[in-house]
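These notes concern the structure reproduced below.
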Amino acid sequence: MKKIVGKWKITEMEQWDLDFIDAEGPGHFEFYEDNQGLFIFGYVEGDLRFKKSRSTNLRIEYTWSGNDEMDEVDGHGWFELINPNELYGMLYFNQGDESWVKAKRMK
């Protein structure tokens with residue numbers, strides 16, 4: 001799980017282009033040692049809590065809550081470590097959008 005700790009730049013999403021992803025600054029996910037983190041892309045930001053998946057050590061599952069243009073939203077998702085510098089996963093809004101996400105480790 002320590003392999004996922006750090007800051008990850010969103011490089012691609014199924015539902016949104018890079019202009020939107022980086023509208024309020026670089027779209028990214030951050031994962032901390034205490035199994036918490038945050039993300040921001042476009043006008044969406046959230047705090048998250050994650051845990052190691054039961055299926056593999058290279059995958060985490062997370063829940064999140066935050067806002068989308070000042071409206072409260074929440075959801076869940078997962079990420080899998082593709083290699084030491086790439087993540088692939090899903091972001092789900094409860095009762096709303098969903099998108100796959102690709103991210104690269106930020107130095």
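The values are calculated or read from the model by the stated rules, or taken from the named source; none is laboratory data. All values reported here derive from a predicted model rather than from experimental measurement. Cβ: placed from backbone, ideal geometry, glycine included. Neighbour counts: every protein chain shown.
Among the numbered criteria (1) within 17 Å of Arg105 (Cβ to Cβ); (2) surrounded by fewer than 16 Cβ atoms within 10 Å (Cβ to Cβ), which single criterion is violated by Asp71?
So the condition that Asp71 fails would be (1).
Cβ-Cβ under 9 Å, sequence separation 6+ or interchain: first residue in the stretch 26-40 and closer than 15 Å to Arg105 by Cβ, partner of a type in the set (Asp, Glu) and part of a strand (DSSP E or B). Which pairs?
Matching pairs, first to second residue: Gly37/Glu30; Gly37/Asp47; Phe39/Glu30; Phe39/Glu45; Phe39/Asp47.
Is the stretch 69-81 home to any residue that is within 20 Å of Trp100 (Cβ to Cβ), modelled with pLDDT of 95 or more, among the β-branched types (Val, Ile, Thr) and more than 11 Å from the chain's Cα centre (by Cα)?
Yes: the stretch 69-81 contains one or more residues that are within 20 Å of Trp100 (Cβ to Cβ), modelled with pLDDT of 95 or more, among the β-branched types (Val, Ile, Thr) and more than 11 Å from the chain's Cα centre (by Cα).
Report, by residue number, each residue of the stretch 32-78 that is aliphatic (A, V, I, L, M) and out of contact with any helix residue (DSSP H, G or I) (no Cβ under 9 Å at 6 or more places or on another chain).
Answer for the stretch 32-78, where residues must be aliphatic (A, V, I, L, M) and out of contact with any helix residue (DSSP H, G or I) (no Cβ under 9 Å at 6 or more places or on another chain): Leu38, Ile40, Val44, Leu48, Met70, Val73.
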